[in-house]
1. Can you check what the net charge comes to around TRP45, using other residues whose Cβ is under 13 Å from the Cβ of TRP45 (Lys, Arg +1; Asp, Glu -1)?
2. Report, by chain and number, residues whose modeled amide H sits under 5 Å from the one on ARG108, excluding near sequence neighbours (fewer than 5 apart, same chain).
3. So who's got an amide H within less than 5 Å of the one on VAL17, skipping anything under 5 residues away but keeping other chains? H placed 1.01 Å off N, in plane.
4. From the phi angles alone, apply the Karplus equation (6.51, -1.76, 1.60; θ = phi - 60°) to segment 76-82 and give each ³J(HN,Hα) in whole Hz, x where the residue is Gly or Pro.
5. Would you mind classifying segment 26-163 by shape? Square roots of the alpha carbon gyration tensor eigenvalues, ordered a ≥ b ≥ c; an a/c under 1.5 is rounded, otherwise it is prolate if a/b is larger than b/c and oblate if not.
6. Enumerate the calculated ³J(HN,Hα) couplings along segment 127-132 in order (Karplus 6.51 cos²θ - 1.76 cosθ + 1.60, θ = phi - 60°), each rounded to whole Hz, writing x wherever the residue is Gly or Pro.
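Each value in this text was obtained by applying a stated rule to the coordinates, not by laboratory testing. Predicted model, so just to flag it, every value in this text is computed and none were measured. Neighbour counts run over all protein chains shown; Cβ positions are idealised from the backbone, glycine included.
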Amino acid sequence: MSAWDARESATAGAAPVYVASPDGPWDLVQDRFATAGRVVVHTTWGAWAPAALLDPQLRQVLGQDWPRYRQAPRAGQRLGFAASRHVMKYTVAAVLEIPVQTIDFTFRPGGRPGVRGWDELALSLAHTDELLVVGVSRTGPVGVDAERADRSIPFDLMGEEVCTPAEAARLAALPEEGRRAGLLRLWTLKEAYTKALGYGLRHSFSRVGFEEDADGRTRLAAPAPDIDAWTFDTHRVLDRYLVSEAHRGALPGPSAASPSAAGAAGATAPGDEGPRDRA
């Protein structure tokens, strides 16, 4: 099996945590965050929407997002918006162990979410179809992206837009299905990476290269900066979606910044979650 298909690497990190409703379970989310300094949560808006809409404290939970919720022109948009905000706020409340009603989101240039009063906390949101994904980190910038695992991105049309020449050559040598899966995985990794950087879709994917090291870990290809500070994972969730995560920790070496400093630097950078993932 090729290094560029949609498999999970043998050295991949922990898979995203599924949270069925505002009631949790949150124990694993809190344990993961306490241990690793970051966590990725996934669920579906259909699982959360009823609880969100029936929440007697919906207005308090949405806070400054209440007008935006009320102004959504269609019921489906209001449903998805309420569900995505609830997932984000309940996830943040769980990891910070504070009441959900006290959380107020800020939105930096381009729509990148943050948490007022917690500048060291980095957030990222992705959604596709019914899937909602939230990444939270206190140890540096984080980006998440999600796509249907069966989505077909035409290699002949999009390969040059998505791939570096080296990546395109590797994919071109694969059978059609391996090429499709590999291109999709690269797409999600590059979206997650550029969202963590704060660029979103303003950054050309063909300028970002990935390779796999001797241990099978996905890493940035030279000459990208801070190569050793980044980690990447791709997982399949709910049997039909790919979720990729990009995270930058402290730079290695004696002069490395502390994790809290790295988190603060990432959290204050301007960014863009991308048009279809904008919170």
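1. After counting each charged neighbour, the total is 0.
2. Excluding prolines and chain starts, which carry no amide H, the hits are GLY114.
3. VAL40, VAL41, HIS42
4. Working through the residues one at a time gives x, 5, 5, 4, x, 5, 4 Hz.
5. oblate
6. So the J values, rounded to whole Hz, are 8, 8, 6, 8, 7, 10.
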